Amino acid sequence: MRKSDNKWKNAKETLKTGLLSVVLPVYNLGNVIRENLLFVARELDEAGIEYELVCVDDGSSDNSADEIRKAAKKMPNRIRPVFLKKNVGKGNALRAGFSATIGDYILMLDGDLDIKLSSLSGFFDVMVEKKADIVIGSKRHPKSEVQYPWHRRLASKLYFSFVYLLTGLPLTDTQTGMKLFRRSVLKDALDRMLVKAYAFDLELLAIAFERGAVIGEAPVKIEFGQKYGALRPSVVREMMHDTLAIFYRLRFLRYYAKVEVPPPMKKDPFVSIVIACPAGSWMLTECLDALMNQTYKKFEVIILPDNLIRLKNRNQSYPCVVIPTGKVRPAEKRNIGIYRAKGDIVAFIDDDAFPAPDWIEHAIKYFSNQEVGAVGGPGVTPLNDSFFARAGGRVYENIFVSGNYRYRYVDGKVKRDVDDYPSCNLFVRTSLLRKIGGFRLDFWPGEDTLLCDAIVFNEGRRIVYDPWVRVYHHRRKLFAPHLRQLGRYAFHRGYFVKRHPSNSCKLSYFIPSLFVLALILGLSVFALPYAFAKIAYLCGIGIYFALIAISSFTVNLPMWVLTIFGVFASHVWYGIQFIRGITAKKAPCQYLGVDHPNAMKKKKNKEKK
């Protein structure tokens, strides 16, 4: 027996006739990734291991995607590329890679190969000796050979001490980019995860350990190279935030132990995606392009503009039909889509939003449970929005604006049941929609609130929120467009309080109006001769703005100032319009035409392309 055969003995016995799936996340590694992929392939070929290489390009801005394609062309039976449109983070890339694998054992390996692949045989040795479900590389293993910059060593040591204090994981390292998993254990943990970026490794291991997985550590050889990501202050801040969130979910909420994992679908449902829009736009094109990248392929698209539009130069991989409706309300457009839908599930998305690649995949799994009538997810502000549009998004994301409903705008919140969800990102059973009669036509906006009211309170079905069912939703600019939209929402929420209280008569909706009344009544103290009352009022205002400033902090000073005043303006305007809604005898639901005129005026160069 050759020495190399003996070295890989445990690996071959573990895999037997199975397959090792190697997932490599990549971000801007165009100068080395093709060579690295071919190197990994050669090493595994020499070891006699059956394998596949799933290389995930996480929205690189260099030539990484082209280099990955070249490597895949050279070894089409071994290298399987996955391309993500947006750079979300290493965790999201690894998860997308796992979805594309077929092996019984999964190796997660950083694409820059700063960890020597020669360490891999030792991982299988530990898996056999410890009867482990997971083996992770550890920089602190006595046999590890590590060439690491001192500042990375220090940061790693400090972070691990912090992690051990919070979670009690019996490990010496969590962040090394080489980990070996049994497929079943990895899938079980991924089904419960929320983190998409830097603390992905920690959450994955914490869940697996809590679920009873045996975790072993193996030595590694590391030469610090072109690391995925960088140790920037923003990275450190986000990682600390996610780490504390994991601790809170693990120890206080006990979230991972009780989170719902739906049973497998008996058959893959067909999905009809309905897009109500006034006209064609660069945003509609962006949405349709994103649908071409969906990991789930069994769907059709129904577009409902006012007048007939042409989808120029489109080679979409899905059935797509355009149905001109005339100038009618969005609810009526969606109802036309419902009755033209061929799918078991109707997915509603606005034309000014575009979905993540795994949008459909994450949503449909809940429909295996007959109690579930609908599924929704967050509408995250795209990073490429304009400065004032991103400011509008930050206002919605602020805890003092959205409160308990912040999960609608922020990624990474916990799964939950809800009784109201906007139709910009909502999946509903087709049969249930037709039984209810679709959307009511006498309200805009607010028709989705009444639909959810019917689903939950009339039909007794659940609406599930899952943070992985995410779309990127372009925002209205601060101040006028943002406040116009917010005012419409506030008026109809107030109007529904008396007429449809089931999912509208809640204390949180009243708070902005109470704030406005407090502001008005507080001004009366200046007519009094009591200095204490005036000082108390001014102190209250000071505390209010201090809390807003803290909650909206960013190192971008103009954005910070704009967000502070945007939150204040939103509180005042929502409060006023909510009171108008409560006191109104009738809602002025006249259709206003194009709701986002920027679609027709801005970025014409995108349409030409």
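The values are calculated or read from the model by the stated rules, or taken from the named source; none is laboratory data. Just so it is clear, the model here is predicted, and its values are computed rather than measured. Note: ideal-geometry Cβ built from the backbone for every residue, glycine included; neighbour counts use all protein chains shown.
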With (1) touching a residue at least 60 places away in the same chain (Cβ under 8 Å); (2) assigned to a helix (DSSP H, G or I); (3) closer than 20 Å to VAL469 by Cα; (4) among the aliphatic types (A, V, I, L, M) as the list, and ALA197 as the residue in question, which single condition is left unmet? (2)
Mind telling me which of the residues PHE510, PHE491, PHE532 ends up being touching a Lys or Arg at 6+ places or on another chain (Cβ under 6 Å) and assigned to a helix (DSSP H, G or I)? PHE491
List, please: which pairs have Cβ atoms under 6 Å, are six or more places apart or on different chains, and start with a residue in the stretch 113-136 that is in contact (Cβ under 8 Å) with a residue 40 or more places away in the chain and closer than 20 Å to LEU186 by Cα and end with one that is of a type in the set (D, E, K, R) and part of a strand (DSSP E or B)? ASP133/ARG182; ILE136/LYS179; ILE136/GLU217
Per-region count, the stretch 248-262, residues over 14 Å from GLY412 (Cβ atoms), in contact (Cβ under 8 Å) with a residue 40 or more places away in the chain and of a type in the set (A, V, I, L, M, F, W, C): 3
Just to confirm my filter: which helices (runs of 4 or more DSSP H) fall fully inside the stretch 1-89 and include at least 3 residues that are buried (at least 18 other Cβ atoms within 10 Å of the Cβ) and on the phi < 0 side of the Ramachandran plot? 9-15, 33-47, 64-74
Kindly indicate the residue of the stretch 374-414 that is free of Cβ contacts under 8 Å to residues at least 40 places away in the same chain and of a type in the set (S, T, N, Q) and also surrounded by the most Cβ atoms within 10 Å (Cβ to Cβ) among those meeting that condition. SER402
All positions within the stretch 172-200 that are out of contact with any Leu (no Cβ under 9 Å at 6 or more places or on another chain) and of a type outside the set (Lys, Arg): THR172, ASP173, THR176, SER184, VAL185, ASP188, ASP191, LEU194, ALA197, TYR198, ALA199
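A quick yes/no check of all residues on (1) among the hydroxyl-bearing types (Ser, Thr, Tyr); (2) in contact with a Pro (Cβ under 6 Å, 6 or more places away or on another chain); (3) within 16 Å of ASN28 (Cα to Cα):
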{"position": "GLU52", "(1), (2), (3)": "no, no, no"}
{"position": "ASN63", "(1), (2), (3)": "no, no, yes"}
{"position": "PRO76", "(1), (2), (3)": "no, no, no"}
{"position": "ASN87", "(1), (2), (3)": "no, no, yes"}
{"position": "ALA93", "(1), (2), (3)": "no, yes, yes"}
{"position": "GLY97", "(1), (2), (3)": "no, no, no"}
Out of curiosity, is SER21 in contact (Cβ under 8 Å) with a residue 40 or more places away in the chain and closer than 16 Å to ASP110 by Cα? yes
Do we have any residue at all in the stretch 508-518 that's within 26 Å of the chain's Cα centre (by Cα) and either more than 27 Å from LEU562 (Cα to Cα) or in contact (Cβ under 8 Å) with a residue 12 or more places away in the chain (or both)? yes
Cβ pairs under 9 Å, 6+ apart, first in the stretch 523-544 and not assigned by TED's automatic domain parsing to the domain that holds ILE399, second among the hydrophobic types (A, V, I, L, M, F, W, C) and at pLDDT 85 or above: VAL525/ALA536; GLY540/ALA518; ILE541/LEU519; TYR544/PHE400; TYR544/PHE515; TYR544/PHE568
If you go through the stretch 239-261, how many residues are within 9 Å of ALA199 (Cβ to Cβ) and crowded, with 16+ Cβ neighbours inside 10 Å? 5
Exactly one of these conditions fails for VAL525: (1) buried (at least 20 other Cβ atoms within 10 Å of the Cβ); (2) farther than 22 Å from TYR407 by Cα; (3) touching a Lys or Arg at 6+ places or on another chain (Cβ under 6 Å). Give me its number. (1)
Within the stretch 545-557, can you find the residues that are free of Cβ contacts under 8 Å to residues at least 40 places away in the same chain and either assigned by TED's automatic domain parsing to the domain that holds ASN404 or assigned to a helix (DSSP H, G or I) (or both)? PHE545, ALA546, ALA549, ILE550, LEU557
Can you confirm whether the stretch 485-505 contains a residue that is among the basic types (Lys, Arg), modelled with pLDDT of 95 or more and surrounded by fewer than 17 Cβ atoms within 10 Å (Cβ to Cβ)? no
Quick one: in the stretch 107-145, of everything that is more than 21 Å from CYS55 (Cβ to Cβ), part of a strand (DSSP E or B) and not β-branched (Val, Ile, Thr), which residue is modelled with the lowest pLDDT? GLU145
Residue check, TRP359 against (1) touching a residue at least 60 places away in the same chain (Cβ under 8 Å); (2) over 21 Å from the mean Cα position of the chain (by Cα); (3) closer than 30 Å to GLY97 by Cβ, all met but one. Which one? (2)
